[in-house]
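Below: one structure, written as structure tokens.
The values are calculated or read from the model by the stated rules, or taken from the named source; none is laboratory data. Predicted model only: the values in this text are computed from it and were never measured. Quick reminder, even Gly has a Cβ in these numbers, built from the backbone with ideal geometry, and neighbours come from all protein chains shown. Protein only, heavy atoms only, side chains kept; ligands, DNA and RNA dropped before computing areas. Shrake-Rupley method; radii C 1.70, N 1.55, O 1.52, S 1.80 Å.
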Amino acid sequence: MSKSFTRKLCKKLDFLELHGSYESPLDAMVTLKEQTIDVIFLDIQMPDLKGTDFAKMIPAETKVIFTTAYSDYAIQGFELDALDYLLKPITFERFLKAVSKLKVTHTEVSKTEYITIKSGYDLHKIKLEDIDYIESDSEYVVFYLNGRKIMSYQTLKSLEKTLPTSMFLRVHRSYIVNKAKVTGLKGRDLLLNEIIIPVSDSYYNTVKSELF
């Protein structure tokens, strides 16, 4: 799908806002790290990296719609949990059907107490209440849940925007905690029973006012 065609289709729909168009997936990754993007339209054949390979690196909260002239990749696309797979030439009717799935998905998620975590090829549906805390690890985040952990390729900053503030609180540049799991505050350390989470000076007053 060309850049101009994507812009034209997005302008026809008031629930879509185009954040950017890129020739290279490496350029697009910068935006994905800095902003929470709902959906990305991804071609299969691109410079530097195939779309199917790039899809494995996209944050879990960003849905993928493949737009390509190659039907051979359709099965692989859906195995990567793609929202839809559009074959060129793409009509507005077919485009509308694909993005309408995005609105339905958002409505369903907002009414549940679950989150879907993408880890490599795997998808994990977990209860929000089961998350103890989340730790940043370079370009990944690690979810700690009742003695087990799941690693996902996304940033803590983008994840923070998707989690309900009524349940979760950022306490450090590298940590988000489940408020219900907090058992104490000792100096600049937050206690989750036996677990110790450092609290940054910039978050200390917020932690005290919201948790104690």
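Given (1) touching a residue at least 60 places away in the same chain (Cβ under 8 Å); (2) open to solvent by 20 Å² or more (accessible area, probe 1.4 Å); (3) in contact with a strand residue (DSSP E or B) (Cβ under 9 Å, 6 or more places away or on another chain), where does residue 57 come up short, assuming only one miss?
(3)
Kindly establish whether residue 193 is surrounded by fewer than 19 Cβ atoms within 10 Å (Cβ to Cβ) and at positive phi.
When the stated conditions are applied, residue 193 passes them.
Taking the options 199, 207, 142, name whichever one is of a type in the set (A, V, I, L, M, F, W, C), farther than 25 Å from residue 58 by Cα and out of contact with any His (no Cβ under 7 Å at 6 or more places or on another chain).
On the way: 199 fails: out of contact with any His (no Cβ under 7 Å at 6 or more places or on another chain); 142 fails: farther than 25 Å from residue 58 by Cα.
None of the others qualify; the one that does is 207.
Residue by residue through the stretch 132-175, note down the ones that are closer than 22 Å to residue 204 by Cβ and of a type in the set (S, T, N, Q).
Correct list: 136, 165, 166, 174.
For residue 132, all conditions in the list (1) surrounded by 15 or more Cβ atoms within 10 Å (Cβ to Cβ); (2) within 20 Å of residue 81 (Cβ to Cβ) hold save one; what is the number of the exception?
Going through the list (1) surrounded by 15 or more Cβ atoms within 10 Å (Cβ to Cβ); (2) within 20 Å of residue 81 (Cβ to Cβ), residue 132 breaks only (2).
Any residue that is at pLDDT 90 or above and open to solvent by 30 Å² or more (accessible area, probe 1.4 Å) - is there at least one of those in the stretch 110-117?
no
Working carefully through the options 166, 152, find the one that is at pLDDT below 95 and either open to solvent by 40 Å² or more (accessible area, probe 1.4 Å) or more than 25 Å from residue 114 (Cβ to Cβ) (or both). Full working, then the answer.
Working: 152 fails: either open to solvent by 40 Å² or more (accessible area, probe 1.4 Å) or more than 25 Å from residue 114 (Cβ to Cβ) (or both).
Being at pLDDT below 95 and either open to solvent by 40 Å² or more (accessible area, probe 1.4 Å) or more than 25 Å from residue 114 (Cβ to Cβ) (or both) holds for just one of 166, 152, which is 166.
Here are some conditions: (1) at pLDDT 75 or above; (2) over 14 Å from the mean Cα position of the chain (by Cα); (3) within 19 Å of residue 90 (Cα to Cα); (4) surrounded by 14 or more Cβ atoms within 10 Å (Cβ to Cβ). Residue 28 meets all but one. Which one does it not meet?
Tallying (1) at pLDDT 75 or above; (2) over 14 Å from the mean Cα position of the chain (by Cα); (3) within 19 Å of residue 90 (Cα to Cα); (4) surrounded by 14 or more Cβ atoms within 10 Å (Cβ to Cβ), residue 28 fails exactly one: (3).
For residue 80, indicate whether it is open to solvent by less than 70 Å² (accessible area, probe 1.4 Å), among the hydrophobic types (A, V, I, L, M, F, W, C) and modelled with pLDDT under 75.
Considered against the rule, which asks whether it is open to solvent by less than 70 Å² (accessible area, probe 1.4 Å), among the hydrophobic types (A, V, I, L, M, F, W, C) and modelled with pLDDT under 75, residue 80 comes out as yes.
Which of the residues belonging to the stretch 196-212 are of a type in the set (Gly, Ala, Ser) and open to solvent by less than 50 Å² (accessible area, probe 1.4 Å)?
Answer for the stretch 196-212, where residues must be of a type in the set (Gly, Ala, Ser) and open to solvent by less than 50 Å² (accessible area, probe 1.4 Å): just 200.
Yes or no, residue by residue, for (1) hydroxyl-bearing (Ser, Thr, Tyr); (2) modelled with pLDDT of 80 or more:
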| residue | (1), (2) |
| --- | --- |
| 46 | no, no |
| 54 | no, yes |
| 60 | no, no |
| 67 | yes, yes |
| 75 | no, no |
| 93 | no, yes |
| 97 | no, yes |
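Can you pull out the residues in the stretch 31-54 that are under 15 Å from residue 85 (Cβ atoms) and open to solvent by 10 Å² or more (accessible area, probe 1.4 Å)?
39, 40, 41, 43, 45, 50
Kindly evaluate residue 171 against the criterion of being of a type outside the set (Gly, Ala, Ser), in contact with a Lys or Arg (Cβ under 7 Å, 6 or more places away or on another chain) and at pLDDT 85 or above.
Judged against the criteria, residue 171 is not a match.
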